[in-house]
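The values are calculated or read from the model by the stated rules, or taken from the named source; none is laboratory data. Treat the numbers as computed from the prediction; the structure is a model and nothing was measured. Cβ placement follows ideal geometry from the backbone for every residue including glycine, while neighbour counts extend to all protein chains displayed. Calculation scope for accessible area: heavy atoms of the full protein, side chains included, ligands and nucleic acids excluded. Shrake-Rupley method; radii C 1.70, N 1.55, O 1.52, S 1.80 Å.
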Amino acid sequence: MEMTREIYWNVGHGVVVPMYLLVFAAFAVCAWGFIKRVPLYRQGKPLDRFDRFPERAKLMVTEVLGQEKVARVKAGGIFHNLFFWGFLTLFVGTLIIMVQADYLTPVIKVNLLSGGFYQAFSLVLDLAGLTAILMLAGLFVRRFVIQPPSLEILNDDYRVHLLLFGILITGFLAEGARMAATEVVQNPALARFSPVGLLAVKLFLPFTDESIRSCHQVIWWLHMGLVAGFICMIPYSRLKHIVTTSLNAFFAPLEPKGTLATINLEDESLQQFGAATVADLTWKDIFDADACTSCGRCQDACPAHATQKPLSPMKVIQQIGEAAEAGKETVLAESIAEDAVWSCTTCRACQDICPANNEHVNKIIEMRRNLTLMEGSFPGDEVRTAVGNLEVNGNPFGLAYAGRGDWAIGHGATLMEDGGEVDVLYFVGCYASFDRRNRAIADKFLRICNAAGIRVGILGKEEKCCGEPARKLGNEYLYQMLAAENIETIKGYGVQKVVTTCPHCFNTLARDYRDLGLELPVEHYTTFIHRLIEEGQLRLNPEPFVATYHDSCYLGRYMDVIDEPRAVLAAAGGRIEEMSRSGYDSFCCSAGGGRILAEEKLGRRINVERVQMATDTGAATLVSNCPFCLTMFEDGIKTGGFEGGIVVRDLAEIVAERIAVIHLPQRPVEPPVKGEPERVAV
């Protein structure tokens, strides 16, 4: 007997017109639901997210079908992905049946759904449906039984789950009724390719043929009604993420990660800096609220939220959406507390883990710009003092800028103002210039360069703070002032390449300064050293040691430097014991977002939390390659009572100790310059 089945069995082809009318009406209701949201988005400022269309379309298709971001969090992610692929397979199968019944059969007289293809088709759809039911059950248990703290539960969620269960179960019941009246008796060989349907058949075996047919018609129409209801419900429930989250993959920023809008301070028509009201945000900022699935991943990843501070990245997104509903003149501060805005370390953990491509950090920076530039607000008096020092002395400590390069005298670096040829310009940064602990690391970096035959120049007193802390605090004016001075100085010397030891300087010079006219290669010393080792220009004598490594947020998540530091440590003889959060999932040290200048007054200390993670690995050494991180971890060890249990070392220190050949003799650490603090206060 032929391996096929009659489409529209028992309901007849007379259902085609009312069925399509029902489906089209449902899609019309769905479309209208989204169209009504458009004026809400238009309250925000224009933003071009339709550029580079092919690239965006490819990104959207890849993210939606691959579900890679969803899978990053195993709890719930695996269930969601398997459910999605199962449900998608059923949808594609339904489309194939529609094409067969309404085009292939009546128009070109070809039956695609026959023979071996139909057997495989039936089996795949049955298994896909079973997978969808089992995964939906898993998601149901997780949300309503296990109830993770960060996962919000709404009454709407019950309706969505019951609707999806209804669609899947009625689909199998309709199949079981059809098979009970046809395949089980007439074509048992084909029935074996619908194993779930065979289970449903058992429910109908006690009934007469007429009763089965009556049940089938009722179930068939019930199934169609549930499908239509599902389509109608999409824009009015959490299901809207099917559309909005998919579109947000298309609208995702294609600029380098962490890119901020550079304000044109020469534009005299600007009367507002930053975001004070909904109208000061972009349409994408408002759209993000509809794309948010309230999964809580951003909140779980946030170091501020994890240490009991009043910041939830998820709540920020939702509160912006609520403010937009109230009108474009709604003041954001009425919904989002100032302490929440200042608690952010801009570590980007929230944005990196978000499966909806929401942009949390940029919104917070815009609100900070309003607070700083329009209201003169700071997270504390100590920050106000540090910002004043940046304006006057070019560093946050208030130390004389004339002594910025004194540490390098006799250490193998050339002052650019003295002339001479150099291979790279070392942009030292404030901490490596003035803080004794970090100055020692700068010295180690110079020793490494000398051993590799690299001629290094520094700007000395001509170097100013890169401006990153000021910018992340919202003070765009001060940032651009400092950046303009640095750019003019660097260009004036015709520098060909810049190397930094600070990830914050690295990110700022390599990316942010481009908007202001600096176009030259900038590299962090980690990748610089890694390349010297790989090319044989730097030789090490490896000595075995065990350590744990901290991924700086601005080096790892922002600049994708994950493997290189581990390779350098391995070349030095190291074995890494990874912390519970490492790589792209690393936990912030607490210094980002300008917080290096602020006291941590709310909740628990983030740096102590991170040191605890390092201690939990059992390693006696915590390796960092960021001056901010090193400073915060040494403070965390002292504050958290970890002294004697673990020490912090910089990558450059470990490498310098294992150099096979070095041209400069070891030098004792010089005593402090008179009037200079032993350690710059955090």
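Restricting attention to region 466-495, the residues being at pLDDT below 95 and in contact with a strand residue (DSSP E or B) (Cβ under 8 Å, 6 or more places away or on another chain) number 2. Selection of region 221-248 for residues being β-branched (V, I, T) and under 21 Å from G66 (Cβ atoms) yields I242, V243, T244, T245. Scan V647, V655 and give me the residue that is out of contact with any His (no Cβ under 7 Å at 6 or more places or on another chain), β-branched (V, I, T), at pLDDT 90 or above and open to solvent by less than 10 Å² (accessible area, probe 1.4 Å). Among V647, V655, only V655 is out of contact with any His (no Cβ under 7 Å at 6 or more places or on another chain), β-branched (V, I, T), at pLDDT 90 or above and open to solvent by less than 10 Å² (accessible area, probe 1.4 Å).
Among the residues of region 341-350, the one identified as free of Cβ contacts under 8 Å to residues at least 60 places away in the same chain and open to solvent by 10 Å² or more (accessible area, probe 1.4 Å) is C350. In region 445-534, counting only strands (runs of 3 or more DSSP E) that sit wholly within it, the ones holding 2 or more residues that are in contact (Cβ under 8 Å) with a residue 24 or more places away in the chain and touching a His at 6+ places or on another chain (Cβ under 8 Å) span 498-500. Here I317 passes the criteria (1) more than 20 Å from S590 (Cα to Cα); (2) open to solvent by 10 Å² or more (accessible area, probe 1.4 Å) except the one numbered (2).
Exactly one residue among E334, E338, E322 is open to solvent by 30 Å² or more (accessible area, probe 1.4 Å), under 26 Å from A249 (Cβ atoms) and not hydroxyl-bearing (S, T, Y), and that residue is E322. Restricting attention to region 423-437 and to residues that are within 30 Å of the chain's Cα centre (by Cα) and not in a loop (DSSP other than H, G, I, E, B), the residue that is nearest to E653 (Cα to Cα) turns out to be A432.
Taken over region 158-185, the criterion of being without any contact (Cβ under 8 Å) to a residue 24 or more places away in the chain and either open to solvent by 20 Å² or more (accessible area, probe 1.4 Å) or more than 20 Å from F207 (Cβ to Cβ) (or both) is satisfied by Y158, L162, V184, V185.
When the residues of region 380-393 are filtered to those that are surrounded by fewer than 21 Cβ atoms within 10 Å (Cβ to Cβ) and touching a residue at least 24 places away in the same chain (Cβ under 8 Å), the one that is farthest from W342 (Cα to Cα) is E391.
Residues of region 235-276 that are outside any loop (DSSP other than H, G, I, E, B), open to solvent by 20 Å² or more (accessible area, probe 1.4 Å) and of a type in the set (A, V, I, L, M, F, W, C): I242, V243, L247. Could you check T489 against (1) at negative phi; (2) in contact with a Lys or Arg (Cβ under 7 Å, 6 or more places away or on another chain) and say which number it fails? For T489, the failing item is (2).
Can you work out which of the residues in region 528-576 that are surrounded by 15 or more Cβ atoms within 10 Å (Cβ to Cβ) and among the acidic types (D, E) is nearest to P303 (Cα to Cα)? Ranking the qualifying residues of region 528-576, first place goes to D551.
Considering only region 292-305, I want to know if a residue exists there that is crowded, with 21+ Cβ neighbours inside 10 Å and closer than 24 Å to E55 by Cα. Scanning region 292-305 turns up at least one residue that is crowded, with 21+ Cβ neighbours inside 10 Å and closer than 24 Å to E55 by Cα.
With the requirement that a residue be outside any helix (DSSP H, G or I) and surrounded by 14 or more Cβ atoms within 10 Å (Cβ to Cβ), what does region 93-122 give you?
Scanning region 93-122 gives N111, L112, L113, S114.
Just a yes or no: is a residue in region 86-103 hydrophobic (A, V, I, L, M, F, W, C) and touching a Lys or Arg at 6+ places or on another chain (Cβ under 8 Å)? So far as region 86-103 goes, no, none of its residues is hydrophobic (A, V, I, L, M, F, W, C) and touching a Lys or Arg at 6+ places or on another chain (Cβ under 8 Å). Taking the criterion of being buried (at least 22 other Cβ atoms within 10 Å of the Cβ) and farther than 30 Å from D339 by Cα, would at least one residue in region 595-613 satisfy it? Looking through region 595-613, none of the residues is buried (at least 22 other Cβ atoms within 10 Å of the Cβ) and farther than 30 Å from D339 by Cα.
Answer yes or no: is there a residue in region 38-45 that is of a type in the set (S, T, N, Q), surrounded by 15 or more Cβ atoms within 10 Å (Cβ to Cβ) and under 30 Å from A189 (Cβ atoms). The answer is no; no qualifying residue exists. As a summary of the residue check, P188 satisfies the conditions (1) surrounded by fewer than 21 Cβ atoms within 10 Å (Cβ to Cβ); (2) more than 30 Å from N507 (Cα to Cα); (3) in contact (Cβ under 8 Å) with a residue 12 or more places away in the chain except for the one numbered (3).
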